[in-house]
1. Residue check, A400 against (1) in the same structural domain as A79 (by TED's automatic domain parsing); (2) modelled with pLDDT of 85 or more; (3) of a type outside the set (K, R), all met but one. Which one?
2. Among the listed residues A283, A294, identify the single one that is of a type outside the set (S, T, Y) and in contact with an Asp or Glu (Cβ under 6 Å, 6 or more places away or on another chain).
3. Taking region 247-281 only, how many residues are part of a loop (DSSP other than H, G, I, E, B), over 21 Å from the mean Cα position of the chain (by Cα) and within 21 Å of E164 (Cβ to Cβ)?
4. Exactly one condition in (1) under 21 Å from L299 (Cα atoms); (2) touching a residue at least 12 places away in the same chain (Cβ under 8 Å); (3) in a helix (DSSP H, G or I) is not met by A128; state its number.
5. Within region 255-305, which residues are surrounded by 17 or more Cβ atoms within 10 Å (Cβ to Cβ), charged (D, E, K, R) and out of contact with any Leu (no Cβ under 8 Å at 6 or more places or on another chain)?
6. If T234 satisfies every condition in (1) under 18 Å from L281 (Cα atoms); (2) among the polar types (S, T, N, Q); (3) touching a Ser or Thr at 6+ places or on another chain (Cβ under 8 Å) but one, which is the exception?
7. Looking only at residues that are in contact (Cβ under 8 Å) with a residue 40 or more places away in the chain and closer than 15 Å to S136 by Cα in region 317-332, which one is nearest to the chain's Cα centre (by Cα)?
8. Could you say which residue among R106, R175 is out of contact with any helix residue (DSSP H, G or I) (no Cβ under 7 Å at 6 or more places or on another chain) and either outside any loop (DSSP other than H, G, I, E, B) or under 30 Å from L220 (Cα atoms) (or both)?
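The values are calculated or read from the model by the stated rules, or taken from the named source; none is laboratory data. All of these numbers come straight from a predicted model, not from anything done at the bench. Don't worry about glycine lacking a Cβ; one is built from the backbone with ideal geometry, like all the others, and counts go over all protein chains shown.
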Amino acid sequence: MSLNLSIANAMSGLQASARGVQLASSNIANAMVEGYAPRRLALASAAGSQGGVRITGIHRQDDPALAGMLRQSGAETAAAGAETAFWERLAEALGEAGDGNSLAGRITALENALADAADRPDLDYLLASAARAAGSLAGALNDASEDIRSQRQAADAAIAGDVETLNRGLGEVARLNTDILRRQAGGDPALDLVEKREMLVTELSDIVPLREQLRPDGRLALYTAGGQMLLDGTQPMQIGFQPSAPITAAMSLADGQLSGLTLDGQPVPSGPGAPIGGGRLGAHFAIRDSHAPAAQSQLDQFAAELIARFADPATDPSLPDGAPGLFTDAGGVPDTPPAPGLAGRVALNDALTPAGGGEYWRLRDGLGATAPGLEVGDPAQLMRLLDAIEAPLAATGGGAARSLAGHAGQLVGTFGQSRHAAEMRGGFAQSRHDTLFERMLAGGVDTDGELQRLMTLEKAYAANARVMQVADDLLRRLLEI
């Protein structure tokens, strides 16, 4: 081997060792960066029979299958989190057993207030306390209904925000595709841009589960889990959504009062199994269009039962035909069937509210009475009101006969089951996500391995440097001859 060839081989070894040290140092420096994939130097023998080494490329050591599963689990976790938050807030609005401000607690408070008034029907302050307890019960239903409406409104706004983020993110991925192509054309693998692109896709997958396909030229194509293409090349598809404000209980997607999704101006389904579905976006659509309306319907059925119990002529013989009883639908009688949002309109009869020109004595003498009765100590009417609360009746929407408190417990229990189911899904999704994330970390940067690699590269560098030194000594000796 000639001295020139020895020097050339040693130089190629020095260059490869130096580049390897640079990559190992970069890997160690980024060991704690989430989503960072270690870089590896690809080497091959130099062309021809002269020996030496050449760098053929730099590769990211990632696992596309694991990354895809991690993104799917992240989307499931985000969706379950949104749904759990909805049910938790609704359960908080209705209250828990033992809480005086809960729905059941206010029913108990009304029973106690009526019982106290029945003991001394001649005392106006006890009648006033019973009227206030009835108004408080109506207020609890009003508050729960408003909470459902506000959560629908928040879900609608969240959809708009997610769509905006998704469009902006797809545009950024498209720009990264262009930059990566440009740099690769100049011989730069652009691994930093590839890393940024992968992290961005992972973030967007919480909104909608995404699947990626790498084109031969380095461009990334993105599809939803339902198979809808969102990006192929450098021109993303535009997702459209029009937020609605204010949202009322009667509004729905089916009647066109609420917006769905569009893709490049064309409507696309957004429900379960839809081309653009799943993830946090799908959960917000489920809250707005399914969970909240179903919860509102159940609450309305309870409100309808509450109104019907006290509108029965047997409960208050003083009421004329068709007149509302202790509770009303915004001052009147509910339609058949009631318009959506009845729980938000239920109110204490104006005949019992001084602000509406009413008098508390009507609790004792009947809502239809025109003047106080002579028998101020007669508790018969108050006892009939108590009987109406305790009577086992079937719910307005059907089901087993229960007292008013029993129906309230059944309603709270139904919402509690939905909350528990959402929490179970969220716990499973989070556990799966954590397991996959740990697997991803295990396949990340191994600092011990990188340090060992640095020691090996140091020895290779020293060996090639020694070859250069020996060749230099030989050349000096030859020149001295």
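1. It is condition (2) that A400 fails.
2. None of the others qualify; the one that does is A283.
3. Here is the first cut: in region 247-281, the ones part of a loop (DSSP other than H, G, I, E, B) are 247-260, 264-265, 269-278.
Next cut, over 21 Å from the mean Cα position of the chain (by Cα) only: 248-251, 254-257, 264-265.
Checking the rest, the ones that are also within 21 Å of E164 (Cβ to Cβ) come to 264-265.
Total satisfying the criteria: 2.
4. Of everything listed in (1) under 21 Å from L299 (Cα atoms); (2) touching a residue at least 12 places away in the same chain (Cβ under 8 Å); (3) in a helix (DSSP H, G or I), A128 misses just condition (1).
5. Result: R280, single match.
6. In the conditions (1) under 18 Å from L281 (Cα atoms); (2) among the polar types (S, T, N, Q); (3) touching a Ser or Thr at 6+ places or on another chain (Cβ under 8 Å), T234 misses (1) alone.
7. F327
8. R175
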